[in-house]
Amino acid sequence: MNYLALCQTTRQRAGMSGTGPAQVTGNTGEMARVVDWVRQAWLELQGGHMGEWNALWRPLDLPVSAGAAELDPPADLRRLVRDRLYFDARPLSWHAWRDLPRQPGQGQHPTAIAERPDGKLMLWPAPESAGTLHGEYYANLQVLENGDDEPWLPRHLQDAIIYQALIYYATYEDAPEIYQDARDSVMDYQLRMANELLPAWDLTAGPIA
């Protein structure tokens, strides 16, 4: 379902009278609240499990010029996978910004990386030769904005968004029966999402050494 269809289905299941919303912009009153509840519901669901959903995983490959220590992160970066960062094939250790050495450092290749308060990535020491920063990251949460926007959630799990929105509706209307039913359904869908959409753990693998 797209954003508009999710809003319309939420209104129907809430038992609101009338029709609509006809669009996701320019609404007032109940319809404006429904549109906002659906948008917020999707953000809240994505935020679970630190947002580490398979659909939000991205590879990181940033070219680095010789002598460049300061890098612009990807525009959609939300969180780096800090233990999987490499300069070419050499692993980098993650440092808090205040712990990154301030002296220029010696060596041809960076050994450490940090994130500055302004979001820039900093290598230490600066590379003597051009290379590539490799790694993994998770992208920003998807925000539903236009009526035809589709959540990345597979169709058979999209009712989770509707039930989460119904929790907001039930709280607003002080409807405990609707709240409890919606809450139970959301918990069920959250478990299914975790089982299907989070990275799998290999519990049979031995230590790497």
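The values are calculated or read from the model by the stated rules, or taken from the named source; none is laboratory data. Only a predicted model underlies this, so the values are computations on that prediction, with no experimental measurement involved. For neighbour counting, all protein chains shown are included, and Cβ atoms are generated from backbone atoms with ideal geometry for every residue, glycine included.
Write out, first by first residue and then by second, each pair whose Cβ atoms fall under 7 Å of each other, whose residues are 6+ apart or on separate chains, and whose first residue, in region 71-93, is within 16 Å of residue 119 (Cβ to Cβ) while the second is hydroxyl-bearing (Ser, Thr, Tyr) and part of a strand (DSSP E or B).
Close Cβ pairs satisfying both conditions: 74/137; 77/137; 78/138; 79/137; 79/138; 80/137.
Can you name every residue in region 53-80 that is closer than 18 Å to residue 199 by Cβ and part of a loop (DSSP other than H, G, I, E, B)?
Result: 53, single match.
Quick one: in region 26-41, which of the residues that are touching a residue at least 60 places away in the same chain (Cβ under 8 Å) and not small (Gly, Ala, Ser) is surrounded by the most Cβ atoms within 10 Å (Cβ to Cβ)? Talk me through it step by step, then tell me what you get.
Here is the first cut: in region 26-41, the residues touching a residue at least 60 places away in the same chain (Cβ under 8 Å) are 33-34, 37-41.
Now restrict to residues that are not small (Gly, Ala, Ser): 33-34, 37-40.
Values: 33: 17, 34: 25, 37: 25, 38: 29, 39: 20, 40: 15.
Checked region 26-41; the qualifying residue surrounded by the most Cβ atoms within 10 Å (Cβ to Cβ) is 38.
Restricting attention to region 150-188, which residues are in a loop (DSSP other than H, G, I, E, B) and within 16 Å of the chain's Cα centre (by Cα)?
Residues satisfying the conditions are 150, 151, 152, 153, 154.
Which ones in region 81-121 are β-branched (Val, Ile, Thr) and assigned to a loop (DSSP other than H, G, I, E, B)?
Listed by number, the residues that qualify are 81, 111.
Could you list, in sequence order, the residues of region 111-139 that are touching a Ser or Thr at 6+ places or on another chain (Cβ under 8 Å) and of a type in the set (S, T, N, Q)?
Correct list: 111 only.
Against the conditions (1) of a type in the set (Gly, Ala, Ser); (2) at pLDDT 95 or above; (3) surrounded by fewer than 12 Cβ atoms within 10 Å (Cβ to Cβ), where does residue 55 fall short? Just the number, please.
Unmet for residue 55, out of (1) of a type in the set (Gly, Ala, Ser); (2) at pLDDT 95 or above; (3) surrounded by fewer than 12 Cβ atoms within 10 Å (Cβ to Cβ): (3).
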